[in-house]
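S.K.: Quick one: structure below, then a few questions.
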Amino acid sequence: MSVNSNTVNTVLGPVPAEELGVVSVHEALLSVLPGAEHAFDITFDRAEIFETLAAKLRDFRAHGGGTIVDSTGMFHGRDVRLYEALSRTTGVHIVASTGQGPEELLGGYFLTPQTNPPTPWPADRFADLFTREITEGMVVPRVERRAPAGLVATAVTPTGMTATDESLLRGAARTALATGVAVSVRHGGDAVHDLGIVLDERLPADRVVVGGLDRKDAVAAGAPAKVAGLGAYVALDHVGTEDAEHITDAERAGLVADLVRAGFADRILLSAGATGVAKGHPANDLPYSHVLTAFVPLLKARGLGDDVRRILVANPRDLLATR
């Protein structure tokens, strides 16, 4: 399965990067807490799941959206055939991801792989796992491989990086180097440190997006400007979430304006972190269109005109284009 520059891997195959339109880079379509698919008290009505997601994607498209990136990785409900049908039905491009993390959400197989004493998987094993999902297609467990993944999504333990988390990040970086697909890092306790692990693998910074940078702790540490200063993309990916952990949308708009004034307009990405359908865990039930309907007006009120289009269209296009 070939990967070409200036194209983006979607669930329906590579498409020209220029056709993505407005992109929401960190969302979830069907999100399943590992094991919930086997729980007696959780229902999986495939038709209902399809209709719920289709309605949310149509709403996103009606408000000007073009592409949704499902950044949940391999084993949290990703259903490639479902996503193919949704993309065909709604006209929204869907980019699915490979990758895993953080450690606490990995299955035992990836934590204790037949070694005594148990040791983390080495980075090269994760790299091989993720790379094959791009070069050979994403796995439908025990059945087949489908379209290539368009992003390697990883996450670090919130309290700080573990040895397994480090293997995951290094494996993701090696996959990106081998395939030209970008890496998404949901940072743990220190965003700049976590980015440094990826860059230590000699992956160019502009092939990396660091998510969760609208968390209060990240903002207080100055992480958004530091990450952008290193050349990576800054994802403010909880737009619409205002709680004890995250800044408000008004504060996000101010942060975007500050980053633009500092010369980082080409390093900002936005997303709501919405969950279309959740099983086994609470959903972030915001519409995928929230950034467009509620947040863009806040940016325009701050005088951000052409920069808004750059943030919504050009920046994610440049990140997702394989190279």
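S.K.: Restricting attention to strands (runs of 3 or more DSSP E) lying wholly within segment 1-88, give those where 3 or more residues are among the hydrophobic types (A, V, I, L, M, F, W, C). Before the answer, list the steps.
M.R.: Working: elements: 7-10, 13-16, 22-32, 65-70.
Qualifying strands (runs of 3 or more DSSP E): 22-32.
S.K.: Next up: Among (1) in contact with an Asp or Glu (Cβ under 7 Å, 6 or more places away or on another chain); (2) in a strand (DSSP E or B), where does G231 come up short?
M.R.: Among (1) in contact with an Asp or Glu (Cβ under 7 Å, 6 or more places away or on another chain); (2) in a strand (DSSP E or B), G231 violates only (2).
S.K.: Among the residues of segment 118-157, write down those that are more than 18 Å from E201 (Cβ to Cβ), out of contact with any strand residue (DSSP E or B) (no Cβ under 9 Å at 6 or more places or on another chain) and of a type outside the set (V, I, T).
M.R.: P118, P141, R142, E144
S.K.: Report every pair of residues separated by at least 6 positions or lying on different chains whose Cβ atoms are under 7 Å apart, first residue within segment 279-301 and at negative phi, second among the basic types (K, R) and in a helix (DSSP H, G or I).
M.R.: Taking only residues 6 or more apart or on different chains, the pairs are P287/K56; Y288/K56.
S.K.: Which number in (1) in contact with a Gly (Cβ under 8 Å, 6 or more places away or on another chain); (2) more than 21 Å from A176 (Cα to Cα); (3) not small (G, A, S) marks the one condition that F75 misses?
M.R.: (2)
S.K.: Ok, one more. When you look at G189, is it modelled with pLDDT under 95, at positive phi and not in a strand (DSSP E or B), yes or no? Walk me through it before giving the result.
M.R.: Values: modelled with pLDDT under 95: yes; at positive phi: no; not in a strand (DSSP E or B): yes.
The answer is no for G189.
S.K.: Filter segment 164-222 down to residues that are in contact with a Lys or Arg (Cβ under 6 Å, 6 or more places away or on another chain) and surrounded by fewer than 24 Cβ atoms within 10 Å (Cβ to Cβ) and give me whichever is farthest from A274 (Cα to Cα).
M.R.: By that ranking, first place goes to E201.
S.K.: Being β-branched (V, I, T), at pLDDT 95 or above and surrounded by 14 or more Cβ atoms within 10 Å (Cβ to Cβ), is that true of even one residue in segment 73-84?
M.R.: Initially, segment 73-84 is screened for residues β-branched (V, I, T), giving 80.
Imposing the further condition that a residue be at pLDDT 95 or above reduces the set to 80.
From what is left, the residues that are surrounded by 14 or more Cβ atoms within 10 Å (Cβ to Cβ) are 80.
There is at least one residue in segment 73-84 that is β-branched (V, I, T), at pLDDT 95 or above and surrounded by 14 or more Cβ atoms within 10 Å (Cβ to Cβ).
S.K.: Filter segment 124-159 down to the residues that are surrounded by fewer than 16 Cβ atoms within 10 Å (Cβ to Cβ) and basic (K, R) and list them by number.
M.R.: Passing the criteria: R125, R142, R145.
S.K.: Run down V208, V192, V152 and say which single residue is closer than 27 Å to L82 by Cα and in contact (Cβ under 8 Å) with a residue 12 or more places away in the chain.
M.R.: On the way: V208 fails: closer than 27 Å to L82 by Cα; V192 fails: closer than 27 Å to L82 by Cα.
Matching residue, one of V208, V192, V152: V152.
S.K.: Among the residues of segment 96-117, is there at least one that is at pLDDT 95 or above, in contact with a helix residue (DSSP H, G or I) (Cβ under 6 Å, 6 or more places away or on another chain), surrounded by fewer than 24 Cβ atoms within 10 Å (Cβ to Cβ) and not in a loop (DSSP other than H, G, I, E, B)?
M.R.: no
The values are calculated or read from the model by the stated rules, or taken from the named source; none is laboratory data. Since we're looking at a predicted model, the values are computed, not measured. We place every Cβ from the backbone using ideal geometry, glycine too, and count neighbours over all the protein chains shown.
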